[in-house]
Ligand SMILES: [Zn+2]
Ligand SMILES: [Zn+2]
Ligand SMILES: [Zn+2]
Ligand SMILES: [Zn+2]
């Protein structure tokens, strides 16, 4: 057969045959990698689907990671692992292969005890083995824990206490958990079970229950915006779930503040605190939800509000003493300690009404709340432009530095455009009902708080003149004029003073 097929040497078909060979090999060498890549990606997506399925059905809050931030050992097979999944409620870590086993074998944090458990105020520790935090100390022998390169030592997922394998005794396994350092912030699972029982019996006197937890008990509700501050909120949510009861930690993009704050109505009067993790916008959103509670007649349940600022230029948070932006400088546990130590202060909040001019004005005036400041003139224009662009291309604005740069860009661009020239001829200003004569201005800014435009003390200016003291809880607004965006920029770097128009209880602008 073969001999017959082989053409005579030198015939033209020999070249054809060689060509066919070449084409075949070329095809092979091209197709094979394509096939392998295709097959691999198919396998990967199947694995991903399988994992998603486990994640969805699981009681744990599993999350994928490509690289664990500290040396990690799988809680099932005890192997050293670099990537895999972790639970952002209880902190279990596992490799992909053992995920299903881990999910079946280990219980996550129970946010509520089962109704049949009678031990309402005695919950034992819930120990999980391995991956204890670096620099933690054994509660028995007080020596450092988790320093051996293997799956070893235990951590209680409620009180965060750690103990050596050797120091773990049966007595410890049955010991009552006291919820550790943050017991005054944690809503214990037994509390919610009791509340549930009381609701069935139609009782609402939660004070008796709370008295068991002590006067110091000020449960903390976390409202974090997972989209704030380059998606830092996402990680924070997990860290708070580990330290507190996951039931008291909310992502406001999934559960709006109005809904989340209803948890306060299950707590004793005047006891709840809220920690808002997000920008000034998120804080405003939560404060509006608090207003809503007042309207519903839930005054007694209104929480005190603390802030963990994310992102840039958070003037409200800065005024209240929580800084302009958090980027992980201090551990989350320290944030909780700060909240525990914080004292309450009051903040004025203002109603802004916008009415259309005209003889036959049938439209209802628009009303909104102001916490920080508002302005008429270049500053408003700048913020508006910035916002419009952010809506169009959010990915561009995910970095803090870029945000600042774009703000700067708008600031300088406005220098050239000067769109609000002779504002004094376009608007009339009344402070507490009295008309104020204005010089040639380009912008008027009405301030409730001390900081403006991302950390500038606008009312103070250079601080070389005497001026009436401004406070955020005195029932007065400060009204300031600026000559242009260049003047704004000068005030920002403390090279100029603003034109202080005055302080007032009511401020009215009217288009001239
Ligand atoms: Zn494993
Ligand atoms: Zn878990
Ligand atoms: Zn414990
Ligand atoms: Zn020990």
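Structural remarks
- Residue in segment 471-490 that is over 24 Å from residue 281 (Cβ atoms), surrounded by fewer than 16 Cβ atoms within 10 Å (Cβ to Cβ), over 34 Å from the mean Cα position of the chain (by Cα) and modelled with pLDDT under 85 present: no
- Being over 22 Å from residue 139 (Cβ atoms), crowded, with 22+ Cβ neighbours inside 10 Å and at pLDDT below 95 holds for only one residue in 192, 236, 209, and it is 236.
- Test: residue in segment 230-242 that is farther than 17 Å from residue 111 by Cα and assigned to a strand (DSSP E or B): no
- Being modelled with pLDDT of 90 or more and exposed (fewer than 13 other Cβ atoms within 10 Å of the Cβ) holds for only one residue in 161, 142, and it is 142.
Here's the yes/no breakdown for (1) away from ligand 1 (no atom under 16 Å from the Cβ); (2) within 19 Å of residue 183 (Cα to Cα); (3) under 30 Å from the mean Cα position of the chain (by Cα):
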position	(1), (2), (3)
129	no, no, yes
132	yes, no, yes
142	yes, no, no
153	yes, no, no
156	yes, yes, yes
165	yes, no, no
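- Selection from segment 150-162 of residues that are within 14 Å of ligand 4 (Cβ to nearest atom) and either in the same structural domain as residue 186 (by TED's automatic domain parsing) or over 22 Å from residue 245 (Cβ atoms) (or both): 152, 153
- Residue count for segment 301-341, restricted to those that are under 21 Å from residue 256 (Cα atoms), over 15 Å from the mean Cα position of the chain (by Cα) and at pLDDT 90 or above: 4
- Any hit, segment 49-70, residues being more than 22 Å from residue 251 (Cβ to Cβ), within 15 Å of ligand 1 (Cβ to nearest atom) and touching a strand residue (DSSP E or B) at 6+ places or on another chain (Cβ under 7 Å): yes
- Residue 109 fulfils the conditions (1) crowded, with 21+ Cβ neighbours inside 10 Å; (2) under 25 Å from the mean Cα position of the chain (by Cα); (3) within 16 Å of ligand 1 (Cβ to nearest atom) except for a single criterion, (3).
- Positions within segment 322-355 being under 21 Å from residue 290 (Cβ atoms), assigned to a loop (DSSP other than H, G, I, E, B) and touching a residue at least 12 places away in the same chain (Cβ under 8 Å), in sequence order: 322, 342, 344, 345, 346, 347, 348, 349
- Considering 204, 255, 218, the condition of being within 18 Å of residue 337 (Cα to Cα), in a loop (DSSP other than H, G, I, E, B) and more than 16 Å from ligand 3 (Cβ to nearest atom) is satisfied by 218 alone.
- Test: residue in segment 112-122 that is within 16 Å of ligand 3 (Cβ to nearest atom) and crowded, with 16+ Cβ neighbours inside 10 Å: yes
- Filtered by the rule that a residue be near ligand 3 (Cβ under 10 Å from one of its atoms) and under 28 Å from residue 82 (Cα atoms), segment 133-153 gives no residues.
- Residue 107 meets each of the listed conditions (1) at positive phi; (2) away from ligand 4 (no atom under 15 Å from the Cβ); (3) at pLDDT 90 or above apart from (1).
The values are calculated or read from the model by the stated rules, or taken from the named source; none is laboratory data. Note that the coordinates shown come from a computational prediction; the quantities given were computed from them, not determined experimentally. Methodologically, a virtual Cβ is constructed for each residue, glycine included, from the backbone with ideal geometry; neighbour enumeration extends over all protein chains shown.
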